[in-house]
Amino acid sequence: MATLPRLRLKQGREKSLRRRHPWVFSGAVEGLDGEPNSGATVEIVAAGGERLGYAAYSPASQIRARVWSFEPGEGIDAAFFRRRLARAIESRRRLELLEPGGACRLVFSESDGLPGLIVDRYADYLVCQLLSAGAESWRSTIVELLAELCSPRGIYERSEGGGRHKEGLASRRGVLAGAEPPREVEVVAGNLRVVVDIANGQKTGAYLDQQRNRERVAAHGRNAEVLDAFSYTGGFAIVCLRAGAKTATLVDSSAEALALAERETAANGVRDGCRFVVANVFDELRSMRQSGAQFDLVVLDPPKFVHSADQVNSGSRGYKDINMLGLALVRPGGVLATFSCSGHVDAALFQKIVAGAAVDAGRSAQILERLAQPADHPIATEFPEADYLKGLILRVH
Ligand code: SAH
């Protein structure tokens, strides 16, 4: 192997790497031997000379390097990416998530040993997010390998958002290989037909992380009047209606999301039971409370309120407010299903916030079930940052 540029750490800053945490922060860097380009592979070396692993260099980011491999001597080349991608795909196959027509997350970044790479599968199409300098610099290798390993009809890129910006990379969207996906791809996810707009939908087109949780929530859907707040295309509402709910009210601030929701509810044969409300959930729930509206099942699935550690307090207030509003709309004896996808708000804090909201709303609530992210969004034990989704199903008196 040719000698790699070396990234030397300050004294004592090798501890997290010894525990196989894959991030090297800029403040831990003592110096650099060589002149690596953005995304190039560097060897990480402790102050005492210990060789720690091979990482992608990212000069623009606070996360100055992300480790690809801790194995001594492992080359970072196409064969390495083939091994990692094959391992991730095999894991989903064993979870029986690769059935034709289905959808799942095939690659989940650090948790699959591929920092900055997300790959979602929607039936015959793959959608990639290359969110780090390292993933960006290996893009053609990654795309070729995905084409070979998965034989999709097309591979599309949705590399957008703040993460890419922090790596000094511009947003990119478009076809990477094969055919352009149709405007809407219909996939089967458990009990649900999901209508996915790969090019223009949120994230890579759908929220795959809630697939299993929708079924858990729908267990409380029979004969219910359901409020699906932050509905996106109505995944929760649809599964509840199919489980015997009477009606569902979908609230989302995105008119495009609710337009997709109309088609998705129709594809699932439940459009008649639905009301679609384009509104800010905070405002809409407040006015529902004022008018005395009540529901048997309220779902709150807001976007990420907390993006960094310094937003935990303000974000917690947001969660508390929305949960107080949601609780007020639950008919006595009904159910609240409430979620947070902010990694900085852990499950214990989230439970405290919801408990506080119940006290302030004057309601007593019991946790019936705790929910988390599904198996195709695994949490590598050395990378707790991957643990982001939590939810509670509560009986509300
Ligand atoms: N429950 C959905 C996923 C929700 S993602 C599912 O199961 O697929 C969060 C949604 O909240 C997005 O669709 C976004 O458009 C919407 N949103 C964000 N802020 C909002 C606000 N203040 N009021 C209403 N909707 C909002």
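Since every read-out is calculated from the coordinates, none of them should be taken as a lab result. Quantities reported herein were computed from a predicted structural model and do not represent experimental measurements. FYI the Cβ positions are ideal-geometry reconstructions off the backbone, even for glycines, and counts take in every protein chain you see.
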Just grab the label-to-label distance for Asp346 and Gln366, each label 7 Å out from Cα along the Cβ direction, in nm (one decimal). 2.8 nm
Total charge of the residues flanking Met288 in space, meaning their Cβ is under 15 Å from its Cβ, with Lys and Arg +1 and Asp and Glu -1, is -3
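How much length would be gained if the chain were fully extended between Thr141 and Ala355, taking 0.36 nm per residue of separation minus their Cα-Cα distance, in nm to one decimal? Intermediate results must be reported in sequence, preceding the final value.
Values: separation 214, 0.36 × 214 = 77.04 nm, distance 4.84 nm.
Additional length available on full extension: 72.2 nm.
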Relative contact order [Cα under 8 Å, 6+ residues apart], region 139-259, whole percent: 16 percent
With +1 on the Cβ of every Lys and Arg and -1 on the Cβ of every Asp and Glu, the dipole magnitude of the chain about its Cα centre, in debye rounded to the nearest 20, is 760 debye
Under-5 Å amide H pairs with Val298, H placed in peptide plane, nonlocal only: Leu227, Val335, Leu336, Ala337
Charges at C-beta only: +1 for Lys and Arg, -1 for Asp and Glu. How large is the resulting dipole of region 85-205 about its Cα centre, in Debye rounded to 20? 180 debye
Compute the relative contact order of region 271-346 as a whole-number percentage, counting only Cα pairs closer than 8 Å that sit 6 or more residues apart in sequence. 42 percent
Across the chain, how many lysine pairs, 8 or more positions apart or on different chains, have C-alpha atoms separated by under 16 Å? Please give the number. 6
Find how many whole Å separate the alpha carbon centroid of region 334-397 from the alpha carbon centroid of region 229-280. 23 Å
If you take every residue apart from Gly178 with its C-beta less than 14 Å away from the C-beta of Gly178, what net charge results, scoring Lys and Arg +1 and Asp and Glu -1? -3
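What is the calculated FRET efficiency for Gln311 to Glu74, with r their C-beta to C-beta distance and R₀ = 35 Å, to the nearest 0.05?
Details: r = 37 Å, r/R0 = 1.06.
Computed FRET efficiency for Gln311 and Glu74 comes out at 0.40.
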Net charge, Glu30 excluded, C-beta distance under 12 Å - Lys, Arg +1, Asp, Glu -1: +3
Expressed as a rounded percentage, what relative contact order does region 316-373 have, with Cα pairs under 8 Å and six or more residues apart? 47 percent
Distance in nm between pseudo-label sites at Phe282 and Gln294 (7 Å out along the Cβ direction from Cα): 2.8 nm
Quick check: the angle from helix 312-328's long axis to the longest principal axis of the chain, C-alpha only, nearest 10 degrees? 20 degrees
Taking R0 as 56 Å, what FRET efficiency do you get between Arg183 and Glu50 from their Cβ-Cβ distance, rounded to the nearest 0.05? 0.60
Which whole-Hz ³J(HN,Hα) couplings does region 58-65 yield from phi under the Karplus relation 6.51 cos²θ - 1.76 cosθ + 1.60, θ = phi - 60°, glycine and proline marked x? 9, x, 8, 9, 4, 7, 6, 8
Full-stretch length increase - Arg20, Arg6 - with 0.36 nm per residue and alpha-carbon distance subtracted: 3.2 nm
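Report for the chain the percent antiparallel among DSSP-assigned beta bridges with both residues inside it, nearest 5. Present the calculation step by step, with values, prior to reporting the outcome.
Values: 52 of 78 bridges.
Roughly 65 percent of the DSSP beta bridges within the chain come out antiparallel.
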